[in-house]
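Participant: Let me begin by handing over the structure; questions about it come next.
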Amino acid sequence: MKIRSFTLFLCLCWGFASHAQTTLQVVTKNIRKSADWKPGVELVINCEKADILLEPTDSASVYIDAELSARHPNLDTAGLDAQKWQFVVNTIGKKLYVRAYIGLANGQSIPTSNMKARLVLKVPKHCAVQLSNKFGKANIKDLDGPMALTGAFCTFQLTDLSGDVNVESEYGSIQAEHLKGPLEVQSKRSDITLDDVRGNCTVDAEYGKIVYRASAQSADVSVKGNKSAITLENIGSIDHSIELTTKYGQIISAPAQFEQQSDSDKSSHATRPSQNAGKTNKIAMITSFADIIFKR
């Protein structure tokens, strides 16, 4: 891998904690790197406490800007903690690794500062991405390559993606808009919003809220929830056949064209056949201990 540019400097600025009017000292490391990329190379991002932005570039390179900061009332403490940030970019085989993490040498104490990383990556549109982040955010937009995303206490904002997308989330949230490729989600205690998702979509969720906003371009949708409330929007605008089931919950405000029934095992069902003889796409959703709500 050729590293074509590298800058490192420390900048000091001032901040204020609004809740206690405590003056915070902020020490920041700013790093800029670039790495060659070619088709078949996967970008692997592994971070913690990071806000990450991925957006496309027409170049055959990956460009990374990193801002690694430590905030603390004591300037010396903030400076020492900022040096505990580690930032690595390297290529091994067909994987390009980007890592931002807190690394401690023998005898070093755990940082007491508020640690935060901000990364902006410009990526070739067809680059495959594997991303893992804890206690942060990931905003990914306008890319065509496959995505494998894992987060804990992480917010995912996914917009205008065309490749296969696989998301695993715990204690976070997922907002997916205008996705053209298949989407697979596995989540625990994460809220999910699906807006104009046009590829086949599969969701397996435990706890958390699910909002599905349908569009005429929507493909097949399968949702399995446990203690996951589901809200359906714009259902009247699509022709899909629809099958809904909740156990120990209610189906609320179903439109008149839905046939509803309740079973002795506390299950409630609502079904609607396709509204277009030539339309074979299907929406199937099932949850338990939660309601399914139609919203006009």
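Participant: Conditions: (1) under 15 Å from Y212 (Cβ atoms); (2) of a type outside the set (V, I, T); (3) surrounded by 12 or more Cβ atoms within 10 Å (Cβ to Cβ). G249 meets all but one. Number of the miss?
Facilitator: The single condition G249 does not satisfy is (1).
Participant: Do you know which residues across region 115-133 are closer than 21 Å to N30 by Cα, over 11 Å from the mean Cα position of the chain (by Cα) and crowded, with 17+ Cβ neighbours inside 10 Å?
Facilitator: Listed by number, the residues that qualify are M115, K116, A117, R118, L119, L121, K122, V123.
Participant: Go through region 46-63 and give me each residue that's of a type in the set (A, V, I, L, M, F, W, C) and over 16 Å from K116 (Cα atoms). Outline the logic, then answer.
Facilitator: Restricting attention to region 46-63, the residues satisfying the condition of being of a type in the set (A, V, I, L, M, F, W, C) are 47, 50, 52-54, 60, 62.
Across region 46-63, the qualifying residues are L54, A60, V62.
Participant: Kindly provide the set of residues from region 197-219 that are touching an Asp or Glu at 6+ places or on another chain (Cβ under 9 Å), surrounded by 17 or more Cβ atoms within 10 Å (Cβ to Cβ) and in a loop (DSSP other than H, G, I, E, B), ordered by number.
Facilitator: Hits for region 197-219 are V197, G199, G208, A214, S218.
Participant: Among the residues of region 226-257, which ones are farther than 22 Å from D196 by Cα and in a loop (DSSP other than H, G, I, E, B)?
Facilitator: K227, Y248, G249, Q250, A256, Q257, listed by residue number.
Participant: Another one. What's the number of the condition T112 fails, among (1) in contact with a Ser or Thr (Cβ under 6 Å, 6 or more places away or on another chain); (2) not in a strand (DSSP E or B)?
Facilitator: Answer for T112: the failing condition is (1).
Participant: Now a separate question. Which of the residues belonging to region 272-296 are over 24 Å from G199 (Cβ atoms) and not hydrophobic (A, V, I, L, M, F, W, C)? Let's see the steps before the verdict.
Facilitator: Filtering region 272-296 down to residues over 24 Å from G199 (Cβ atoms) leaves 288-291, 293, 296.
Across region 272-296, the qualifying residues are S288, D291, R296.
Participant: Quick check, is T271 surrounded by fewer than 18 Cβ atoms within 10 Å (Cβ to Cβ), in contact (Cβ under 8 Å) with a residue 40 or more places away in the chain and β-branched (V, I, T)?
Facilitator: Details: surrounded by fewer than 18 Cβ atoms within 10 Å (Cβ to Cβ): yes; in contact (Cβ under 8 Å) with a residue 40 or more places away in the chain: no; β-branched (V, I, T): yes.
In short, no.
Participant: Among the residues in region 67-77, are any within 30 Å of the chain's Cα centre (by Cα), modelled with pLDDT of 95 or more and closer than 20 Å to D144 by Cα? Can you show your working first?
Facilitator: Let us first name the residues in region 67-77 that are within 30 Å of the chain's Cα centre (by Cα), namely 67-72.
Filter once more, keeping what is modelled with pLDDT of 95 or more: 67-72.
Next cut, closer than 20 Å to D144 by Cα only: none.
No: region 67-77 contains no residue that is within 30 Å of the chain's Cα centre (by Cα), modelled with pLDDT of 95 or more and closer than 20 Å to D144 by Cα.
Participant: Sort through D265, D220 and tell me the only one that's in contact (Cβ under 8 Å) with a residue 40 or more places away in the chain and either within 30 Å of the chain's Cα centre (by Cα) or farther than 22 Å from Q175 by Cβ (or both).
Facilitator: Values: D265 fails: in contact (Cβ under 8 Å) with a residue 40 or more places away in the chain.
Criteria check complete, one pass: D220.
Participant: Further question: When you look at I92, is it of a type outside the set (D, E) and buried (at least 18 other Cβ atoms within 10 Å of the Cβ), yes or no?
Facilitator: Details: of a type outside the set (D, E): yes; buried (at least 18 other Cβ atoms within 10 Å of the Cβ): no.
No: the conditions fail for I92.
Participant: Any residue in region 40-52 that is farther than 12 Å from N90 by Cα sitting within a Cβ distance under 6 Å of a residue that is hydroxyl-bearing (S, T, Y) and assigned to a strand (DSSP E or B)? List the pairs, counting only those 6 or more apart or interchain.
Facilitator: Matching pairs, first to second residue: N46/S132; E48/Y101.
The values are calculated or read from the model by the stated rules, or taken from the named source; none is laboratory data. Predicted, not measured: the structure shown is a model, and the values here were computed from it. Cβ coordinates were reconstructed from backbone atoms using ideal geometry, including for glycine residues, and neighbour counts include every protein chain displayed.
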